[in-house]
């Protein structure tokens, strides 16, 4: 019995330390591809006015994109790991390709209802099948992040291609 108590106490200390040491700022599991237009207006057969799908002041891509899977973790020190699969253009004559795009991750945090702080990674090229991995440090590193939104963006024109779905823990 004298040997069991110290072992149990050591295990409890390790488990408690692990729970307290969780420095995750935000998690995203799954992704949504961009639809460039959110709605159209007008009485003609063709919409005369369209509303672009702008997310947190970031313009959408000019064509729809799809993403098969996305998994991302952001730590309080600004480190970010993103794994994306199947990010492909879903329109135009280039449908089903990556159009040789490079992407970067943007973490957008609410400052107020209309202002957002932006924290970006370096760009990485998409593989021919649309897969990509980002292991980087956000710049600038967020001190905190209210209402985090993760966008995967085009390194060329800075438009967004996909968004992360916040993980429910």
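Derivation of every value follows stated rules applied to the coordinates shown; laboratory data play no part. As the structure is a prediction and not an experimental result, all values here were calculated from the model. Cβ sites come from the backbone with ideal geometry, for glycine too, and all protein chains shown count toward neighbours.
Mind listing whichever residues of the stretch 145-165 are under 15 Å from residue 76 (Cα atoms) and free of Cβ contacts under 8 Å to residues at least 60 places away in the same chain?
146, 147
Given the residues 101, 110, 127, which is the only one that is surrounded by fewer than 19 Cβ atoms within 10 Å (Cβ to Cβ) and more than 19 Å from residue 165 (Cα to Cα)? Break it down stepwise before answering.
Details: 101 fails: surrounded by fewer than 19 Cβ atoms within 10 Å (Cβ to Cβ); 110 fails: more than 19 Å from residue 165 (Cα to Cα).
That would be 127, the only listed residue that is surrounded by fewer than 19 Cβ atoms within 10 Å (Cβ to Cβ) and more than 19 Å from residue 165 (Cα to Cα).
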